[in-house]
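Values in this text are rule-based calculations from the coordinates and carry no lab data. From a predicted model like this one, the values you see are computed outputs, not experimental measurements. Glycine also receives a Cβ, built like all others from the backbone with ideal geometry; neighbour counts cover every protein chain displayed.
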Amino acid sequence: MRKNNRFAAVALLATVGILGTACGSDSKKADLCPGVTKGSVSTPPLKLGVAFDTGGRGDGTFNDAAGRGACQAVGELGADLTELEATSDQDRKPNLETLTKNGDNPVIAVGFLFSDDLKTVATANPKTTYGIIDSVVDLPNVKSLVFAAEQGSFLVGAAAALKSTTGHIGFIGGQEIDLIKAFEAGYTAGAKAVNPDIKVEVKYLGAAGDNAAWGSPDKAKEIANGWYADGADVIYTAAGGSGAGTIDAAVASGKWAIGVDSDQYLTATPEQQKHILTSALKRVDVAVFETAKAVQSGDTKGGVRVFDLKDDGVGYSTSGGYLDDVKDKLEAFKQQIIDGTIVVPTKP
Amino acid sequence: MGDETRIPAADGVTRGLSKLMTPKLENSKNGLITTASSIAAVVLALVISGIMLKITGKDPINAYRKMIETGLEHDKLLEALQRATPLMLSAVAVAIGFKMNLFNIGVEGQYLFAALIASVVGAAVSLPAPLHVAFILLVAMAAGSVWAALAAVLKVKRGVNEVISTIMLNYVALSVIQWLFDTWFRDNSKSDLNVKTKVLPRSAWMPDIVTGRLSSMFIVAIAVVALYWVIVFKSRFGFRLRSSGMNSVAARTAGISSNRMIVSALVMSGAVAGLVAMPSVLGDIHAYGQGVPDGLGFAGIAVALLGRNHPLGIMAAAALYGFLESTAGALQIQHVPNSIIDVIKAIIVLTVVIVNEAVTRSMNRRTASRTSSALQVAKPIGATA
């Protein structure tokens, strides 16, 4: 009997383990775009496939931005939208294949982890056009959609320096990888452009490959609390879902937080909104929508497209109106970056 | 350490033990009952999941039909086998422990650790093609064994329960991997976001059976299952292992060192665990990086339970899990949440335990009543003598 009890205990453990992963991805698939009325359908109808990585919609920033772009395509282009979300690393390639087989064109992979699998699938299906966010896949039927994130970060860095009364600000990054280092580099450069003597604290939540870094608000909160107590009054967090921790800390200590990717003011509570100075925008939605639109109008060529300040692919948000007094200065910086008078570094 | 000394009566005990073990479970009738109860458990799980689908307003019949339709497509069948490959290996690793009454919950940490070490060592040497692959497989097995041996040593020397130690060693493994990867093994020559260790040379790439669909590791996995059958069920060593697992006191009386068996079982378990990530490392990513799947160690526990630790059962259970997973995408297109697959898998584990328990109890009752009636028959004969 003792053996059987142990057996049952282990079975329960296994069940909890499996169910644990099941709970991560909830069933919000029924109505992908609530409130969006499907636009007039083109001939031939546009079928848009979007492959999310594990996590998917509901993160408040990156994936939701992609989802918004897809829904915009439904509303404005009359696209028929199919979304697949991976539940494990083994799902990425099959999901891309399933969408391709479903007749979707373009198929957009949201996230750089799709790179290798997309290369395989796109090579095997030359008639379908693919898009990939945040990565470059060099194939004639893949549109690589990357962002000049350092430019948006430069502007929020400048905003932070302009609004800081203590001359002491901070940056919290997710994984310490080139992608996120570009955010840091831009932010620091922007802050120094306003105030060369400013003190910029920098910390990363995890090393390359540590996926927990995108979902550790507790860690971000601890770091932010420490810096706020030390006199920092603006902290910018580029770490996916972890950024919520910084916002919490900002509310608690009455200081400023800066959001990332999406305009986080829009999804915050009224209490939090008072502390979100601005958000560095990375218009993943624009990238998704533009790709769908391009394919609809017959542009199926591959290539790298960098979304930058020039085409509003990156930028900063002004919700809340906290930047009204410094907006002119920020716009001036923006113009200088577009002109090329300021070249924003991508490495810290 | 008195277990080593042979006791004169040992042979008798061994014979008794072997009678006890002449596997009742393996005679065909009981095998049939076991198979039937596992199938019943799966059907029961599908019914329960169907009711859950119905409650959430989806059409279960349609969902299952779609699942079977897509699951039986040529490519999807291959995908199911591809997904079954690591599950078979992981389940065998778990089952070896089970046979010794050891619960190796640490397959997860063992295979990830082995994947990192094997990728790094494999990229550092140059060998001709078939040897290179074999060498990496051996390194992976060695690394998995080393990690599992930690739990074995803790159990033998300090009496630490292996359930606790293997679970905790999973977390230790993750941290150690992270540290090793970041400090030494990350390939910084490319500024790719998809960070990896140094990519293995071509000679270490394992060819696919069906290009891009089914890795040759499938054959290796089948071979491992066969070896598991031979070693654990047919060899003298396996007999000792199972005896020790069933009743360590009796086995010790028969001269079988339970400590030695604990160490051998966990080391073997770890060696098989080391192979779990090899389909990805040798056949797909050709390095250790973010694409190496995690969670297979835990999935293996469920597969071993469903397969009742039997070689054929493990193969069938792994194939079933692979089949279910391969259909998740098609279900999502039908607006059936893909989490239903995880729910089905989890409910299967529960129903297996429940059905298993019910069957065992009724069998025990039957054996008991048969024994008692046999004894009653025996008495009068003894009396007349």
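Some observations on this one:
- Taking a ≥ b ≥ c as the square roots of the Cα gyration tensor eigenvalues, the stretch B:2-379 comes out oblate, since a/c reaches at least 1.5 and a/b does not exceed b/c.
- Inter-chain shielding of B:291-302 (mean C-beta neighbours from other protein chains, 10 Å cut-off): 5
- By the Stokes-Einstein formula, at 1.306 mPa s and 10 °C, the stretch B:236-278 with its Kirkwood radius over alpha-carbon pairs has D equal to 146 µm²/s.
- Cα centroid separation - the stretch A:180-226 against the stretch B:214-255, whole Å: 52 Å
- Averaged over the residues of peptide A:80-87, the number of Cβ atoms from other protein chains lying within 10 Å of each residue's Cβ is 4.
- Helical content of chain A, expressed as a calculated mean residue ellipticity at 222 nm, amounts to -13000 deg cm²/dmol (DSSP H runs of 4 or more residues, -39,500 (n - 2.57) each, divided by residue number, nearest 500).
- Residues of the stretch A:58-85 with an amide N closer than 15 Å to a point placed 7 Å from the Cα of A:SER40 along the Cα-to-Cβ direction: A:75-79.
- Full extension of the chain between A:LYS310 and A:SER253 gives 16.9 nm of extra length, using 0.36 nm per residue less the Cα-Cα distance.
- Within the stretch A:146-183, chymotrypsin sites (Phe, Trp or Tyr not before Pro) in DSSP loop having at most 16 other beta-carbon neighbours inside 10 Å: none
- Partners for B:LYS155 among lysines (Cα-Cα distance below 29 Å; same-chain residues under 8 apart left out): A:LYS3, B:LYS99, B:LYS234
- Mean residue ellipticity, 222 nm, helices only, chain B: the sum of -39500 (n - 2.57) across DSSP H runs of n ≥ 4, divided by residue count and rounded to 500, is -23500 deg cm²/dmol.
- Taken residue by residue and averaged, Cβ atoms of other chains lying within 10 Å of the Cβ of B:333-340 number 6.
- Highest-fluctuation residue, B:MET168, B:MET217, B:MET141 considered, GNM on chain B with Cα pairs under 10 Å: B:MET168
- Label-reachable residues, the stretch A:236-260, where backbone N falls under 17 Å from a point 7 Å from A:THR165's Cα toward its Cβ: A:250-257
- Each of the peptides B:266-273, B:207-214 was scored by the mean count of other Cβ atoms within 10 Å over its residues; in descending order, highest first, they stand as B:266-273, B:207-214.
- Amide H to amide H, with H built 1.01 Å from N, A:GLY58 comes under 5 Å of A:ASP64, counting only residues 5 or more places away or on other chains.
- Taken about its Cα centre, the stretch A:80-199 carries a charge dipole of roughly 360 debye when the Cβ of each Lys and Arg holds +1 and the Cβ of each Asp and Glu holds -1.
- Counting only lysines at least 8 places from A:LYS329 when in the same chain, those with an alpha carbon closer than 20 Å to its own are A:LYS163, A:LYS192, A:LYS310.
- The C-alpha atoms of chain B define a longest principal axis, and helix B:258-273 lies at about 30 degrees to it.
- For a straight C-alpha distance cut-off of 22 angstrom, the lysines reachable from A:LYS119 (same-chain residues fewer than eight places away being disregarded) are A:LYS47, A:LYS93, A:LYS101, A:LYS127, A:LYS143, A:LYS301, B:LYS76, B:LYS190, B:LYS196, B:LYS198.
- Using θ = phi - 60° in the Karplus curve 6.51 cos²θ - 1.76 cosθ + 1.60, the 3J(HN,Hα) couplings for the stretch A:324-337 round to 3, 6, 10, 4, 4, 5, 5, 5, 5, 4, 4, 4, 5, 5 Hz; x is entered for Gly and Pro.
- Scalar couplings 3J(HN,Hα) for the stretch A:59-67, obtained by applying the Karplus form with A = 6.51, B = -1.76, C = 1.60 to θ = phi - 60°, are 8, x, 10, 4, 5, 5, 4, 4, x Hz; x denotes Gly and Pro.
- With R₀ fixed at 60 Å, the C-beta to C-beta distance from B:SER203 to B:ARG366 puts the FRET efficiency at about 0.55.
- Positive end of the dipole of the stretch B:2-379 (Cβ unit charges, origin at the Cα centre): among B:ILE167, B:SER369, B:ALA134, the Cα lying farthest that way belongs to B:SER369.
- Taking A:SER317, B:SER373 and counting other C-beta atoms within 10 Å, the order from fewest to most: B:SER373, A:SER317
- Residues B:LEU32 and A:ALA212, FRET efficiency given R0 of 60 Å [Cβ-Cβ distance, rounded to 0.05]: 0.80
- The charge dipole of the stretch B:2-379, taken about its Cα centre with unit charges on the Cβ atoms of Lys, Arg (+1), Asp and Glu (-1) only, comes to about 1580 debye.
- Semi-axes of the equivalent ellipsoid for the protein assembly as shown, Cα gyration tensor, largest first, Å: 54, 29, 24
- Each of A:TYR228, A:TRP214, A:SER88 was scored by the projection of its Cα onto the charge dipole of chain A, and the greatest displacement toward the positive side belongs to A:SER88; charges sit on the C-beta of Lys, Arg, Asp and Glu.
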